[in-house]
Amino acid sequence: MAQLAHIALWVNDLEEMKAFYERYFDAASNAKYLNKKKQFQSYFLTFTSGARLEIMKRPEIESIQKQDSSQEFMGYTHIAFSVGSEATVDELTNRLVAEGYLEIQAPRRTGDGYYESIILDPEGNRIEIAV
């Protein structure tokens with residue numbers, strides 16, 4: 001039986017992204033991996049559920065323009081975090097907005113029964129905060 005091992009994300013600022021996921025989503029990081037020959041750096045961030053996110057950096061990888069990141073596009077669309085309660089969705093969303101992160105969707109009940117909000121991380125990736 002297959003199991004999802006991790007999801008990987010190219011980033012521009014490895015340290016800022018590591019700090020974001022540690023601060024707001026309780027990620028624990030391994031030591032930085034560095035391949036000098038390929039100019040590749042990465043961290044594995046492990047969340048309390050056991051899920052892992054690999055954040056990676058290499059100089060020649062291009063990024064989308066941040067102003068375009070609130071638009072939908074084909075491919076992976078978001079990372080979702082279940083935070084346990086509607087009150088926690090509200091609290092974390094309000095904290096992120098107060099600290100300058102862009103809210104794409106205010107907390108709401110969806111047609112399929114979730115209570116969720118959507119914010120952008122420091123590099124414009126969609127983060128769904130849900131219960």
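Check whether at least one residue in region 69-85 is modelled with pLDDT of 95 or more and among the polar types (S, T, N, Q), and report yes or no. Checking region 69-85: at least one residue is modelled with pLDDT of 95 or more and among the polar types (S, T, N, Q). With respect to the conditions (1) exposed (fewer than 12 other Cβ atoms within 10 Å of the Cβ); (2) at pLDDT 95 or above, Ile55 falls short on a single one, namely (1). Among all positions in region 94-108, there is no residue which is among the hydroxyl-bearing types (Ser, Thr, Tyr), surrounded by 11 or more Cβ atoms within 10 Å (Cβ to Cβ) and part of a helix (DSSP H, G or I).
The values are calculated or read from the model by the stated rules, or taken from the named source; none is laboratory data. Small disclaimer: the values here were computed from a predicted structure and weren't measured. So basically every Cβ, Gly included, is an ideal-geometry build from the backbone, and we count neighbours across all protein chains shown.
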